[in-house]
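We did not get these values from a lab; they are worked out from the coordinates using the rules stated. Treat the numbers as computed from the prediction; the structure is a model and nothing was measured.
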């Protein structure tokens, strides 16, 4: 959240409604021979499956809600997200699903995305992010380190599909307001709830929730400085 906010309207965006629209879950699962975890987000959008698919797989559409992406977005191709992750596209079965590696700051994780038609005007995206439980990030932030970021992405995707937004939500004036702070706090709380439901120690999960919230709010304050 370091980019200068634009003045694009977010008057039709409702944080509470968006947070409630996402189903979140956590499960512990081995990853490449090491202890790991999987977070899952599921949301049904007011969009045709073809539009939902293209939003997540076409470079021009990704820039309107996610971030600038370079690469060859096809099976066997590679991608680079501006100032963020890069990786390989390991599977692509349009318009049903894709899988890819997600490599960032020396950490290798992977993602599965599934697109399901609900009816002619609605489709569901289910995203799974498989990550290791490392010795630094996991004890400090738990699942929130990954989950809150994806909550923001799902919110921006909803704003794009349902309100016609053409820039990522994080680059708008929304980040200056109380609604953004509330969104981040409630997202971190929701991921702590999901972690506890998956068997995490409640005291550890709530401590990680606080540290995650503080880190994101500090990011907002730095961007607004």
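Mind listing the Cα extents of segment 23-67 along all three principal axes, in Å, largest one first?
For segment 23-67, the Cα spread along each principal axis is 36, 22, 15 Å.
To the nearest 500 deg cm²/dmol, what mean residue ellipticity at 222 nm is calculated for the chain from DSSP H runs of n ≥ 4 alone, each contributing -39,500 (n - 2.57), summed and divided by the residues?
Using -39500 (n - 2.57) per qualifying helix, the result is -13000 deg cm²/dmol.
Please list log₁₀ I(q)/I(0) at q = 0.11 Å⁻¹ for segment 48-171, using the Debye equation with identical point scatterers on the alpha-carbon positions.
-0.38
Taking Cα centroids, how far is segment 96-150 from segment 175-215 in Å?
Rounded to whole Å, the Cα centres lie 17 Å apart.
Once you compute Rg and the Kirkwood Rh from C-alpha atoms, what is the Rg to Rh ratio for segment 130-180? Mind showing how you got there, number by number?
On the way: Rg = 14.0 Å, Rh = 12.6 Å.
Result: Rg/Rh = 1.11.
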